[in-house]
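All of the numbers you see were taken from the coordinates with simple rules; none came from a lab. All values derive from a computational prediction rather than experimental measurement. Cβ coordinates were reconstructed from backbone atoms using ideal geometry, including for glycine residues, and neighbour counts include every protein chain displayed.
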Amino acid sequence: MLKKSVTFFALSISFLFFLIIPLSTSLYAQLAETPWPMFRHDLQRTGRSPSISVQKPVLKWTFQAQGPVTSSPAIGEDGTIYFGSTDKKFYAVTGEGGLRWVFDTQGEVESSPVIRKDGTILFGSWDSYLYALTSDGKLIWKYKTEGGIISSPAIGQDGTIYVGSWDKKLHAITSDGKLKWTQKTADHIVSSPAVAPDGTIYFGSGDYYLFAMKPEGKATWSFGTRYLLDSSPLIAPNGNIYIGSEDAKFYAFNPNGGLEWTFDTLYDIDSSAAIDKDGNIYFGSGDNNLYAFTSDGKFKWSFETGASIRSSPATVADNTIYFGSRDKKFYALNPDGKLKWVFETDDAIESSPAIDSDGTIYFGSNNGKLYAIGEANISK
């Protein structure tokens, strides 16, 4: 029997709003124009791709790193796939699965990259540095924090880079790697910041709080949950913010910081949420379930896997949902929550999927492999 408690205030925006509202072109001007340029696809961390879904999956190739791949991949303009590994290396792999280059850091790389419009690749490492590399793997600059960086960077409208660190600060960094400002919190920051069309930056902290920041570095509001906020916020087209907490509760806020609705799961939530083209929200939980809700908090369905879900889901044009589980399986679900297909690896999957223009899905596994899953009759 599903245990749930849902409290919400009705929203005045119909789901049609999600279909017609345009994305801010200026907001995305700093991002590379690729099928998946950053963690969760875009600056609002929607996890939503316009690509087609895979109907008959086939393993196209794997690439073997020397340590678990918990970092989530990004896709460059030429089809190169970029990702990190706990082997302290950052990899660039061709669309056919061959190694282009590798960059060594001094710490595990769990941060997921973002690709700038000029081709610069930005990612963090446990060695406390945020790195900026050229598309051929050469170091441009590195920015030092006082703690490991697991958070995945975001880029604001003016080119400012935002990233959290284990040093208990959100860092705002210029496009050439200089400090602009920091926002101090009371604990580590693993959450990856999301940027709204008006420039507001949202991020969670290990001090249990969700923060809203203005681009000039002023906090406008914060909301305290009951435990760690290590997942990343999702900003919906109507401005609402969705995030799960390790207090086993999922939260929906309006842009002013007002609580719209919550949902209790049975265990902590480290998976970040995704939204589909109809405004439905999906997220995983440590209680082994992937959950589906309407934007106003009405429970739709849940799908149970064999272990906890840290991988963040992604959606595509027909509202198929992709995600991995620590049960060593990667899942594709239909919009009604029924299993479409499943692919099994031989270790836990914590990496979140990236989706190419032809529908090919890339994700990592704790067995050290990056997987490319595509349509049986489509070759890249």
Using helices alone, I'd like the mean residue ellipticity at 222 nm for the chain: each DSSP H run of four-plus residues gives -39500 (n - 2.57), total over residue count, nearest 500.
-500 deg cm²/dmol
Cα centroid distance between region 199-230 and region 33-81, in Å?
27
What aspartates and glutamates sit close enough to K60 to cross-link, taking a C-alpha to C-alpha distance under 16 Å and skipping anything fewer than 8 places away on the same chain?
E96, E344, D356, D358, E375
Quickly work out the D198-to-D78 label distance, labels modelled 7 Å from Cα along the C-beta direction, and quote it in nm with one decimal.
4.2
Karplus-derived 3J(HN,Hα) from phi for region 189-200 (6.51 cos²θ - 1.76 cosθ + 1.60, θ = phi - 60°), whole Hz, x at Gly and Pro, runs 10, 9, 4, 8, x, 10, 10, 7, x, 7, x, 5
Give, as a single signed number, the net charge of other residues whose beta carbon lies under 11 Å from the beta carbon of G306, with Lys and Arg counted +1 and Asp and Glu -1.
0
Among L31, L179, L130, residue whose mean-square fluctuation peaks in a GNM of the chain (springs only between Cα atoms under 10 Å)
L179
What is the sum of charges, Lys and Arg at +1 and Asp and Glu at -1, for the other residues whose Cβ falls under 14 Å from the Cβ of D347?
+1
Given axes a ≥ b ≥ c from the Cα gyration tensor, I'd like to know whether the chain is rounded (a/c under 1.5), prolate (a/b larger than b/c) or oblate.
rounded
